[in-house]
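S.K.: Here you go, one structure.
The values are calculated or read from the model by the stated rules, or taken from the named source; none is laboratory data. Since this is a predicted model, take the numbers as computed values, not measurements. Counting neighbours? That spans all protein chains shown, and the Cβs are built from the backbone with ideal geometry, glycine included.
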Amino acid sequence: MIMIASTKSRIALAIALAAAGALAFVLVTRGSTTEYGTDHRAITVEKGEDFTLKVPARPYIGEHWFLAEPKPDADVLDYRGTHEDIEGAPEGIVGGGDGTAYFDFTARSTGTTTVTLLHCPMARCGSLAQAQATTPPVPTAPETAEPADEPAYFQYKITVR
């Protein structure tokens with residue numbers, strides 16, 4: 001009888017430890033944000049998850065990124081805004097240094113939507129409206145393309161489960 005109680009106690013302890021570990025994992029990862037670069041354009045996230053589209057940015061030499069039309073489905077994704085992290089240029093070098101732009105989202109509900117970002121390098125387009133008015137139209141970059149010297153749309157297919 002003592003052996004049975006001891007086995008039951010070990011099982012109960014193992015279950016309790018597993019549950020505590022799972023809870024700790026959720027608490028630690030819940031506040032983190034997953035980042036996806038231009039090389040990852042088919043993305044699957046969980047409902048309620050925060051994530052960021054991370055792109056190279058050097059606004060001091062006229063490189064900008066914009067969230068383009070059509071906007072992602074607001075029922076599927078909540079667009080939380082953009083911010084940049086730009087390191088200063090080395091002393092004496094005009095246009096030097098590197099940076100990153102971040103487009104922040106929260107997955108609201110299950111579904112699939114497209115996020116389109118416009119890359120405007122080296123002052124080739126100063127705004128979304130200016131890029132949309134060009135002839136010929138700005139092309140969509142292939143999924144394997146890195147940002148180049150010509151304007152291009154970068155499309156991300158986002159699936160929320």
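S.K.: Starting from segment 51-68, keep only residues that are within 14 Å of PRO147 (Cβ to Cβ) and of a type in the set (Gly, Ala, Ser), then list their pairs with residues that are outside any strand (DSSP E or B) and modelled with pLDDT of 85 or more whose Cβ atoms are within a distance under 8 Å, requiring at least 6 positions of separation or different chains.
M.R.: Hits for this filter: GLY62/PRO121.
S.K.: Name the residue, out of THR159, THR140, THR82, THR113, that is out of contact with any Ser or Thr (no Cβ under 9 Å at 6 or more places or on another chain) and polar (S, T, N, Q).
M.R.: Numbers: THR159 fails: out of contact with any Ser or Thr (no Cβ under 9 Å at 6 or more places or on another chain); THR140 fails: out of contact with any Ser or Thr (no Cβ under 9 Å at 6 or more places or on another chain); THR113 fails: out of contact with any Ser or Thr (no Cβ under 9 Å at 6 or more places or on another chain).
THR82 is the lone residue from the list that is out of contact with any Ser or Thr (no Cβ under 9 Å at 6 or more places or on another chain) and polar (S, T, N, Q).
S.K.: Same structure again: Kindly indicate the residue of segment 124-137 that is outside any loop (DSSP other than H, G, I, E, B) and in contact (Cβ under 8 Å) with a residue 24 or more places away in the chain and also surrounded by the most Cβ atoms within 10 Å (Cβ to Cβ) among those meeting that condition.
M.R.: Checking each candidate, the answer is ALA131.
S.K.: Name the pairs: first residue in segment 96-122 and free of Cβ contacts under 8 Å to residues at least 24 places away in the same chain, second residue surrounded by fewer than 17 Cβ atoms within 10 Å (Cβ to Cβ) and not polar (S, T, N, Q), Cβ to Cβ under 8 Å, at least 6 apart or on different chains?
M.R.: GLY96/ALA89; GLY96/PRO90
S.K.: Identify all residues within segment 31-70 that are assigned to a loop (DSSP other than H, G, I, E, B) and at pLDDT 95 or above; write none if there are none.
M.R.: GLU46, LYS47, GLY48, GLU49
A quick yes/no check of all residues on (1) surrounded by 18 or more Cβ atoms within 10 Å (Cβ to Cβ); (2) in the same structural domain as ILE43 (by TED's automatic domain parsing); (3) not hydrophobic (A, V, I, L, M, F, W, C):
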| position | (1), (2), (3) |
| --- | --- |
| MET122 | no, yes, no |
| PRO139 | no, yes, yes |
| GLU146 | no, yes, yes |
| GLU150 | no, yes, yes |
| PHE154 | yes, yes, no |
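S.K.: Out of GLU146, GLU150, report the one residue that is farther than 26 Å from PHE51 by Cβ and in contact (Cβ under 8 Å) with a residue 12 or more places away in the chain. Break it down into steps so the answer makes sense when it comes.
M.R.: Values: GLU146 fails: farther than 26 Å from PHE51 by Cβ.
GLU150 is the lone residue from the list that is farther than 26 Å from PHE51 by Cβ and in contact (Cβ under 8 Å) with a residue 12 or more places away in the chain.
S.K.: Could I ask something else about it? Can you name the number of the only condition in (1) more than 21 Å from THR33 (Cβ to Cβ); (2) modelled with pLDDT under 90; (3) in a strand (DSSP E or B) that GLU146 fails?
M.R.: Among (1) more than 21 Å from THR33 (Cβ to Cβ); (2) modelled with pLDDT under 90; (3) in a strand (DSSP E or B), GLU146 violates only (3).
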